[in-house]
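Here's the structure we're looking at; comments come further down.
The values are calculated or read from the model by the stated rules, or taken from the named source; none is laboratory data. These figures come from a predicted structure and were not determined experimentally. Note: ideal-geometry Cβ built from the backbone for every residue, glycine included; neighbour counts use all protein chains shown.
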Amino acid sequence: MRLTVLGCAGSFPGPEAPCSAYLVEADGFRLLVDFGPGSMSTLQRFSGLYNVDAILLTHLHCDHMLDACSYIVARRYAPSGPLPPLPVYAPVAAPERISAAYGGENEPMAISDVYTFYALQPGSFPIGPLHVTVDRVNHPIETYGVRIEHEGRVITYSADTAACDQLIRLAQGADLFLCEASYLDGADNPPDLHLTGREAAEHATKAEVGRLLLTHLVPAWGSEALTLEAAQAAFEGPIDIVRPGARYDI
Ligand SMILES: [Zn+2]
Ligand SMILES: [Zn+2]
């Protein structure tokens, strides 16, 4: 499998990174996981405008899904003609939310010509050649952490979450653990929302992952150096803070 980071800024776009979006590829199949603001730009730069076979949205906060609205235009009005509907795995409210955000003046517009939606619920299912497991994590709205397996290799993505056992289970033995680290230790952080670098690393240690990839830092408010230092104190394996364009082959 290959993971390509398209966007990784937490909560709102940063000066050098769009919001969350990650491309997972195996056997020529391309799953886009989250589609945050600005990531349609880096999709074109690091993959290709139409190089997507399915989309999975972990939750419907705007920093994880808004470019799914922009993408409607790109697919519906493609110069070669409209593209076939793309499968979108997302919380049950996704069709209404995306069409409302895209929509017409007085009512949401139909988008079933562009997307075919499948409502997420905890469990396992195939997406192309990928074996995907999702479970609810600790965030104020319906949010799914994701475990993606292919030929014995595993990538786990935390989505947005505070500490929870579901995340440890999803990440158990993962080769790559892409985990949010929005907060700094010591700050007056609200509960049940996000993780710090230390907490991300503690989940990585408990799940015995191979490599920890920290994401969803908030550039305007955070500190990469402090986040990394806190994580290194709680996980002995390799740790990266991800950047747009970074690729990881496992
Ligand atoms: Zn977020
Ligand atoms: Zn969120």
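General observations
- Region 192-212, residues that are touching a residue at least 40 places away in the same chain (Cβ under 8 Å) and of a type in the set (A, V, I, L, M, F, W, C): Leu193, Ala200, Ala207, Val209
- Selection within region 2-21 - of a type in the set (Gly, Ala, Ser) and more than 13 Å from ligand 2 (Cβ to nearest atom): Gly7, Gly14, Ala17, Ala21
Conditions (1) at pLDDT 95 or above; (2) at positive phi; (3) more than 16 Å from ligand 1 (Cβ to nearest atom), marked per residue:
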site: Val134; (1), (2), (3): yes, no, yes
site: His139; (1), (2), (3): yes, no, no
site: Glu149; (1), (2), (3): yes, no, yes
site: Gly152; (1), (2), (3): yes, yes, yes
site: Ser158; (1), (2), (3): yes, no, no
site: Leu167; (1), (2), (3): yes, no, no
site: Leu170; (1), (2), (3): yes, no, yes
site: Phe177; (1), (2), (3): yes, no, yes
site: Ser182; (1), (2), (3): yes, no, no
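- Positions within region 150-161 being crowded, with 19+ Cβ neighbours inside 10 Å and part of a strand (DSSP E or B), in sequence order: His150, Val154, Ile155, Thr156, Tyr157
- Counting only helices (runs of 4 or more DSSP H) that sit wholly inside region 162-250, those with at least 3 residues that are more than 17 Å from the chain's Cα centre (by Cα) and not aliphatic (A, V, I, L, M) are 197-207, 224-232.
- Subset of region 1-37 [small (Gly, Ala, Ser) and away from ligand 1 (no atom under 13 Å from the Cβ)]: Ala26, Gly28
- Members of region 122-161 that are in contact with a Phe, Trp or Tyr (Cβ under 9 Å, 6 or more places away or on another chain), free of Cβ contacts under 8 Å to residues at least 40 places away in the same chain and not β-branched (Val, Ile, Thr): Pro122, Phe125, His131, Asp135, Arg136, Arg147
- Condition met for Ala101 (touching a Cys at 6+ places or on another chain (Cβ under 6 Å) and either part of a loop (DSSP other than H, G, I, E, B) or farther than 27 Å from Met1 by Cα (or both)): yes
- Enumeration of residues in region 116-142 that are under 23 Å from Gly197 (Cβ atoms) and buried (at least 22 other Cβ atoms within 10 Å of the Cβ): Val137, His139
- Residue in region 23-80 that is nearest to Gly145 (Cα to Cα), counting only those that are hydroxyl-bearing (Ser, Thr, Tyr) and assigned to a loop (DSSP other than H, G, I, E, B): Thr58
- Of the criteria (1) under 21 Å from Leu60 (Cβ atoms); (2) among the basic types (Lys, Arg); (3) not in a strand (DSSP E or B), which one Arg147 fails: (3)
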